[in-house]
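Structure, as structure tokens:
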């Protein structure tokens with residue numbers, strides 16, 4: 001049943017939402033490296049607790065597109 005529930009086809013998009021209980025950063029150097037990922041929409045250096053997020057998975061001709069959006073208090077970040 002799980003395979004059926006999460007099966008992808010070209011006409012179907014999986015969307016979900018939730019709350020991340022904790023997002024940790026790392027050392028100062030790691031956070032500085034993560035800041036460069038913001039330009040590529042793949043990493044971010046923000047940290048926090050109880051961060052709302054959405055998930056959107058779309059099937060494309062060249063593979064699956066995975067979009068994660070995190071809603072911090074002052075910024076929206078993508079992964």
Output the residues belonging to the stretch 27-46 that are part of a loop (DSSP other than H, G, I, E, B), modelled with pLDDT of 80 or more and either more than 14 Å from the chain's Cα centre (by Cα) or surrounded by fewer than 13 Cβ atoms within 10 Å (Cβ to Cβ) (or both).
-> 27
Give the residues of the stretch 50-68 that are under 13 Å from residue 23 (Cα atoms) and either within 8 Å of the chain's Cα centre (by Cα) or not in a strand (DSSP E or B) (or both), sorted by residue number.
-> 53
Inside the stretch 69-79, can you point out the residues that are touching a strand residue (DSSP E or B) at 6+ places or on another chain (Cβ under 8 Å), loosely packed, with under 13 Cβ neighbours inside 10 Å and assigned to a loop (DSSP other than H, G, I, E, B)?
-> 73
Does residue 15 satisfy the condition of being at pLDDT below 75, at negative phi and touching a strand residue (DSSP E or B) at 6+ places or on another chain (Cβ under 9 Å)?
-> no
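The values are calculated or read from the model by the stated rules, or taken from the named source; none is laboratory data. Computed from a predicted model, the values in this text were never measured in an experiment. No Cβ is skipped: glycine too gets one built from the backbone with ideal geometry, and neighbour counts run over all protein chains shown.
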